[in-house]
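Below is one structure; the comments refer to it alone.
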Amino acid sequence: MEIGGEGHKLLATNKLHDGLDQTATGHILGRAEGRQPVASPERSLSPVECAIVRLFTHMAMYLGASINLQAIHTIIKPDLDPATVLPFLWAHIEKDLLTIQRAIGKSVDDVYILIHRICNDIMEKHRNNPLNQEICILANKNSRKKWEEDFTKTYLSPVLQEMDGYLKSVNKQLANDQRLGSDPLLCLLFEIDIPSEHSSPSTLHNVPAVWRYRSQITMDHLLHTLQVQSRAHQVLAMFLQEEHHLRAIRLVPNILKLQRMLIQRYQRKLDRAEATTITIEDMIQSYDNEGRAEEIKNLVRDFIEAWQCVREQLLTFTFPTLEGLGKVPKEYCQKAITEGHPVSVLLPTFRDAGLCSYGLLYFLLKKQNNFLQEYCKKKKMQYTQLPKVPVNDVTSPHLISYHPDRDILPMVLANCHYTFQVGKGTKIDYNFGDLERQLMDRFLFSKSVIDMPVYEFEMMTYRSETTNAVVFRHLRQKIKQEPLTPAVANQISEEIRAYPDLCQTLDKLDITISFLKSVGGDANMSLEKFMTQTLKMENPFPSQKARSSCVCKHAQSLWITLAMEKTKRQASHKEDAFEGVSGELRVDLHPDQRDIITSFCEELSVERLELLLDTLFECIMLTITVPKGTDDDDLDMTKLSLRDTMIGYLSAPQYDLDLTYPGWMTDLVGRIPNEGENFTKIMNNQAVDVWLFLYAIYSQKRIERR
């Protein structure tokens, strides 16, 4: 049997695009220790059915690995040592059995009996009436879904429907089996032993009957009982199917509050690299001086609780971002978030670790909307008539908000009748009708649809992402921009010696540019004067030359100068330079491309190579990094060659002043690989790697010249 499909959440699932099934094969659940033993529904499968299908899938993988270890090893992601494949799968099987036990509310022995019965049914029914072989190939999404439905309907549902009666029958047979004699253990297990007449409340711990397994009243047991005994209460069934995720919706207000507090604290003050070095524990401790450490710790605790509830679901959940459809990286979904994680997982962004925070919030809000939509269908109500609330105005009364232990469980206990008799076990009768009515009145009445366009979510802006090509385009529309002379630019860079001063200056300049692009100003007004008098900044520039020479029309050039200086220092120390540039523009060069660049750099002087570096950096920041869709013609810069783009930049640089580049620069740019049989064209998406490679050559030339 193929280990199939996005079916059991064992497979990494990509989005469907243009109707094409892009499901990738592979086991993506990670290690069993990272899984919670909680059954959750998948598509048309109930939680119990999903848990059993997952168990059989892991069993099939285990048997397959015993025969062909390499075949199974290759489909497990992330990669494992081949010697650990069998223990890895065995741990998952044990976790599946525990999940099934909790879902059906039976003892471990009863679970084994139940699985034995299902296996027996599979063997008998498959021999007489096998499933459609074409479906069993699991070739596409539809066939995998059909296989799931047929497998469940044929082998699982009939057994689960009669589970209680079957287990009682089997246990009775075992108890009455005369071959076993009067085995004390079996007498104890099946409650045919005679309790002591001298038992007292103070000695109950010595009575074996007290320690026997009894069915517990849980949400999983309630759902399973409802599915077996009644199909009439659709709202209750729907609620219980989704309850494991719905319980996290109550935490949304605190997640929003946590995001706002952190954004206010770190907005434009951190680079992405810095956010990965500050742990959540460090962040909590930083609030000690303000007396808010306990508050922020409680908010983090709620975030972690919500994450634990839904992280496995996030493995295959896609959501919109301003950069297209996104998905939480699977390496995060496979683990619980702890205070040892970087604070970046709490800061919502449209890529990298920040997708954890944004994806979690979007999932919970979408879950509420989808649930209310289905609820309206069941109750013949108009979903469009429900009240709407913007995402930033959401409060607890708008949400399906309840605590599973303090709110739901007392309601369940109030609507069930629990009896126990020695020798007959426990009997639990639920009043489904009253429970459903109370649930709708308390938790579903007058709840709101969350209006959640992507641009309404508050997002973290890192320091290096504040200013970009689009921002400068808006700035030039307000204030004409001119470049600093090379001598002035070099002096400013040399005067800002300390790296923290450089970062702080860029941070202040980011804020200044965001104001200038919005309100405009006098092009010849001192930049320092604007920053100190209008924006009330203190000591904006540690460079005397910047204070005396830079005016508002130099804002773009000054930013380019400082950003390039910072990038050079990061590259020199092997740090992540160009961290603000998206990954699609950071494709590595091929070896043949590096050879060509090396060859034409051999004859270049340090001065010419430095000018090439400066020009390429400007071209990247002012032209190449323009996001797709910004221009009227929807131009995608990544699809253009670097040579053509740089030639265009040399003829029309992004300044409001005619600039003349030396003729050798045009000749040199023209030698960048573009077309030919013996080399590969260099594209704009490789521009960052070109700059870093040129800078390495430039640094070496400077060392050799000394």
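The values are calculated or read from the model by the stated rules, or taken from the named source; none is laboratory data. The model shown is predicted, which means the values in this text are computed figures rather than measured ones. Cβ atoms come from the backbone with ideal geometry, glycine included; neighbour counts cover every protein chain shown. When the accessible area is computed, the model is the full protein with side chains, heavy atoms only, and any ligands, DNA or RNA have been set aside. Shrake-Rupley method; radii C 1.70, N 1.55, O 1.52, S 1.80 Å.
List of remarks:
- Computed over the stretch 333-420, Cα set: Rg, Dmax in Å: 18.1, 55
- Charged neighbours of R476, selected by a Cβ distance under 11 Å, balance to +3 (K, R count +1; D, E count -1).
- The helix-only estimate of mean residue ellipticity at 222 nm for the chain, built from DSSP H runs of length n ≥ 4 each weighted as -39500 (n - 2.57), is -15500 deg cm²/dmol after division by the residue total.
- Positive dipole terminus of the chain, leading residue within L506, L694, W307 (C-beta point charges): W307
- Signed unit charges on C-beta, dipole axis of the stretch 509-611, positive-most listed residue L609, A563, S599: A563
- Whole-number percent relative contact order across the chain, with pairs defined as alpha carbons under 8 Å at least 6 apart: 10
- With R₀ set to 56 Å, the beta-carbon distance separating D595 from S169 gives a calculated FRET efficiency near 0.15.
- Converting the Cα gyration tensor eigenvalues of the stretch 519-571 into ellipsoid dimensions via √(5λ) gives semi-axes, longest first, of 21, 13, 10 Å.
- The packing ranking, built from the mean of other Cβ atoms within 10 Å per residue, places the peptides 405-414, 345-354 in the order 345-354, 405-414, highest first.
- Spin-label model, R608 to A91: label points 7 Å out along the Cα-to-beta-carbon direction sit 5.9 nm apart.
- For Y166, the shell of other residues with beta-carbons less than 12 Å away shows a net charge of 0, using +1 for Lys and Arg and -1 for Asp and Glu.
- Summing charges over all other residues whose Cβ lies under 12 Å from the Cβ of N392, with Lys and Arg as +1 and Asp and Glu as -1, gives -2.
- Debye, to nearest 20: dipole size of the chain, +1 on Lys, Arg Cβ, -1 on Asp, Glu Cβ: 1340
- Unit charges at the beta carbon, dipole of the chain: most positive-side option, A237, P390, A71: A237
- Using the Cβ-Cβ distance between S526 and T384 with R0 = 41 Å, the FRET efficiency computed as 1/(1 + (r/R0)^6) comes to roughly 0.15.
- Based on the reciprocal of the average 1/r between different C-alpha atoms, the Kirkwood radius for the stretch 248-310 equals 12.4 Å.
- Normalised radius of gyration (Cα atoms, divided by 2.2 N^0.38 Å) for the stretch 63-160: 1.27.
- Nearby aspartates and glutamates by direct alpha-carbon distance to K478 (threshold 19 angstrom, same-chain neighbours under 8 apart not counted): D510, D522, E528, D631, D656, D658
- For the stretch 560-664, a simple Cβ point-charge model (Lys and Arg +1, Asp and Glu -1, everything else neutral) yields a dipole of about 340 debye relative to the Cα centre.
- Placing a pseudo-label 7 Å from each Cα along the Cα-to-Cβ vector at D667 and Y499 gives an inter-label distance of 3.9 nm.
- Each Cα pair under 8 Å and six or more residues apart adds its separation to the average, and for the stretch 57-175 the resulting relative contact order is 18 percent.
- Those lysines that a straight Cα-Cα span of less than 21 Å connects to K77, excepting residues fewer than 8 apart in one chain: K9, K15, K95, K141, K327, K330, K335
- The smallest convex shape that holds all Cα atoms of the stretch 251-370, its convex hull, gives 103 Å³ per residue.
- Excluding ligands, DNA and RNA, the accessible surface per residue across the chain is 49 Å² with a 1.4 Å probe.
- Ordered from largest to smallest accessible area (heavy atoms of protein chains, 1.4 Å probe), the residues D658, D588 come out as D658, D588.
- Highest average packing first - 385-391, 325-331, Cβ atoms within 10 Å: 325-331, 385-391
- For the chain, the mean projected area of the C-alpha convex hull, equal to one quarter of the hull surface, is 41.9 nm².
- Once C-alpha pairs closer than 8 Å and six or more residues apart are averaged by separation and normalised to the residue number of the stretch 255-390, the relative contact order reads 24 percent.
- Taking a straight line from the alpha carbon of K380, these lysines sit under 25 Å away, with near neighbours fewer than eight places off in the same chain left out: K366, K367, K388, K447.
- Annotation: the antiparallel percentage among DSSP beta bridges lying fully within the stretch 337-481 is about 65.
- Stretchable slack from L69 to D451, in nm (0.36 nm times residue separation minus alpha-carbon distance): 132.5 nm
- Computed across the stretch 34-92, the Kirkwood radius stands at 12.4 Å (inverse of mean 1/r, all Cα pairs).
- Carbon and sulfur %, accessible surface of the stretch 550-706 computed with the full protein complex present, 1.4 Å: 47
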